[in-house]
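A.B. asks: The structure under discussion is supplied below as structure tokens; questions concerning it will follow.
The values are calculated or read from the model by the stated rules, or taken from the named source; none is laboratory data. All of these numbers come straight from a predicted model, not from anything done at the bench. Heads up, the Cβs are rebuilt from the backbone with ideal geometry, glycines too, and the neighbour counts pull from every protein chain shown. Heads up: the accessible areas ignore ligands, DNA and RNA and are worked out on the full protein's heavy atoms, side chains in. Shrake-Rupley method; radii C 1.70, N 1.55, O 1.52, S 1.80 Å.
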Amino acid sequence: MTTVLITGTRPYGEGDPVDVLIDDGVITRIVPTVAGGRDAGGPDSAASAADEVIEAAGTVLLPGFVDMHTHLREPGREDAETVRSGSAAAARGGYTAVFAMANTEPVADTAVVTDHVYAQGQAVGLVDVHPVGAVTKGLAGAELAEMGVMAASSAAVRLFSDDGHCVADPLIMRRALEYARGLDVLIAQHAEEPRLTEGAVAHEGPTAARLGLAGWPRAAEESIVIRDALLARDAGARVHICHASTAGTVELIRWAKDQGIAITAEVTPHHLMLDDARLESYDGIFRVNPPLREESDTRALRAALADGVVDCVATDHAPHAAQDKCCEFSQARPGMLGLETALGVVAQTMVAPGLIDWRGVADVMSVRPAQITGLPDHGRPIEVGETANLTVVDPDSAWTVRGAELASIADNTPYEDLTLPARVRATLLRGRVTCVDGKVRAR
Ligand SMILES: [Zn+2]
């Protein structure tokens, strides 16, 4: 039995400082911090017997973060990321659970692959790795994958997505939603009408036109969002929209929710912070799918996350080997790292301007994604009796992002040399400290 004591922290950044005692993976005591600390001979003698003490004065205590959208690249592209390196990045970013997307090589469209990824995650033990199953075989969009077999496997797959590709055929999407309803699993759609984005590398707008880059119109995303909302309505199924990127998508989701349609949506940190003005550099690091949009979209996404129309933040953490990013813009593979920088970006774009408070951060980075994906032990209230999946955040800290210093094998961060607020002090998975002050503790 291991006991950990976190001293002087404030759950959700609210109220007076408390000491939180964790015993064998469960929160067992939350008591006011004694002025002067335990050495002052305070009454809490049980606490002073803890195996490990995390001195955390001035910190905010949050439920551990849950990422619905991570690319771990294993199997197949271990030169960019592995379950081990991605788990380390997740722990440093404050995550206690991640969903690993299916577009690996081979594709995670069978229980053999999803069970392999799940087992790797368990062996590493830094974060709960939940494999996402492909909706269609080989992500080809033509034939449904064996969703039922994956759902019944040891990985118990709950989330299915062809992410990286859109399930573009409306009849296939309709069947997938009907099947998902029967299995009580969730389809997450990468909303991109492929005919409208052939050859596209950047947001279709004045910037792309000036730079001579082929444009990706907003309608390519929005037409699939509204189509899938209607298909989900008819199927009586739930649908989740990956990486919402336009102001129009926000309005369509608002409409669908008003109709009672079971639709949810995520936004990435980079779509909250960055817009297509970054493309002036022609730096392939800023190529991402969906593309960085205009500043008006960024503003709309922030507002939608604050008012709950967009449910949560998901990183779309997408590691790429250097040769796939350091090339001509139109040749660069789309995607950016996100796990270690997500909290800092959310703090800067959402907390600093007062759009949300720390309880709001808990909602969009932990509570909602855990609810949407059905994780019973994550996104829980910070209360006695709850499983200790926790993140300790220092809101007054600042750190400068250096791709080479991140835990990921790849270093394709769009925030190189940027100083971000609110670094993670510590992360605990079922009461075990997985990361403290940036140092990952492998089991
Ligand atoms: Zn993705």
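A.B. asks: Give the calculated FRET efficiency between E251 and A35 to the nearest 0.05, with a Förster radius of 41 Å applied to their Cβ-Cβ distance.
C.D. replies: Given R0 = 41 Å and the Cβ-Cβ separation, E is 0.20.
A.B. asks: Here's another thing I want to ask about it. Show that you can apply the helix-only estimate: for the chain, add -39,500 (n - 2.57) for every DSSP H stretch of four or more residues, divide by all residues, and state [θ] at 222 nm to the nearest 500.
C.D. replies: Rounded to the nearest 500, the figure is -7500 deg cm²/dmol.
A.B. asks: Just for the chain, what percent of DSSP beta bridges are antiparallel, to the closest 5?
C.D. replies: Percent antiparallel among DSSP bridges in the chain is about 50.
A.B. asks: Run the simple label-point estimate for D16 and E405 please: 7 Å along Cα→C-beta, distance reported in nm.
C.D. replies: It is 3.7 nm.
A.B. asks: If you split all Cα-Cα distances of segment 68-373 into 10 Å bins from zero, what percentages do you get per bin, shortest first?
C.D. replies: 7, 29, 38, 24, 3, 0
A.B. asks: Can you work out the PRE-style zone for D234? Point 7 Å along Cα to Cβ, and I want the residues of segment 190-206 with backbone N under 11 Å.
C.D. replies: none
A.B. asks: Rounded to the nearest whole Å², what accessible area per residue is found for segment 68-373 with the 1.4 Å probe?
C.D. replies: Accessible area per residue: 33 Å².
A.B. asks: Of A407, P421, Y118, which is farthest towards the positive pole of the chain's charge dipole, taken about the Cα centre with +1 and -1 on the beta-carbons of Lys, Arg and Asp, Glu respectively?
C.D. replies: My answer, from the dipole projection, is Y118.
A.B. asks: Placing unit charges on C-beta atoms (Lys and Arg positive, Asp and Glu negative, everything else neutral), compute the dipole magnitude of segment 1-144 about its Cα centre in debye, rounded to 20.
C.D. replies: 180 debye
A.B. asks: For the chain, what's the relative contact order in percent, using C-alpha pairs closer than 8 Å and at least 6 residues apart?
C.D. replies: In percent, rounded to a whole number, it is 19.
A.B. asks: How large is the dipole of segment 261-338 about the Cα centre if only Lys and Arg carry +1 and Asp and Glu carry -1, each at its Cβ, rounded to the nearest 20 debye?
C.D. replies: So the magnitude is around 160 debye.
A.B. asks: Can you pull the one-decimal nm distance between simple spin-label points at S281 and D24, each 7 Å off the Cα toward Cβ?
C.D. replies: 5.2 nm
A.B. asks: Right, something else. Between L211 and E178, 0.36 nm times their residue separation minus their Cα-Cα distance comes to what?
C.D. replies: 7.5 nm is the gain from fully extending L211 to E178.
A.B. asks: Based on DSSP, what percent of beta bridges with both residues in segment 75-213 are antiparallel, to the nearest 5?
C.D. replies: 10 percent
A.B. asks: Just how large is the dipole of segment 68-373 about the Cα centre, in debye to the nearest 20, putting +1 at every Lys and Arg Cβ and -1 at every Asp and Glu Cβ?
C.D. replies: In total the dipole reaches around 400 debye.
A.B. asks: Could you calculate, for segment 1-158, the ratio of the Cα radius of gyration to the Kirkwood radius, expressed as Rg to Rh?
C.D. replies: On the Cα set of segment 1-158, Rg over Rh gives 1.15.
A.B. asks: Farthest toward the dipole's positive end in segment 68-373, which of V367, L213, S85, given Cβ charges of +1 (Lys, Arg) and -1 (Asp, Glu) about the Cα centre?
C.D. replies: It is V367, whose Cα lies furthest towards the positive end.
A.B. asks: Moving on to the next point. Based on the alpha-carbon gyration tensor of segment 292-443 and its eigenvalue square roots a ≥ b ≥ c, which shape applies: rounded if a/c is under 1.5, prolate if not and a/b is larger than b/c, or oblate?
C.D. replies: It comes out oblate by the Cα gyration axes.
A.B. asks: Gain in length, S296 to E55, computed as 0.36 nm per residue apart minus the alpha-carbon separation, to one decimal in nm?
C.D. replies: Here the answer is 82.6 nm.
A.B. asks: Hey, another quick one. Specify which residue in the list V132, L305, H317 is farthest towards the positive end of the charge dipole of the chain, using unit charges on the beta carbon of Lys, Arg (+1) and Asp, Glu (-1), about the Cα centre.
C.D. replies: Comparing the listed Cα positions along the dipole, V132 ranks first.
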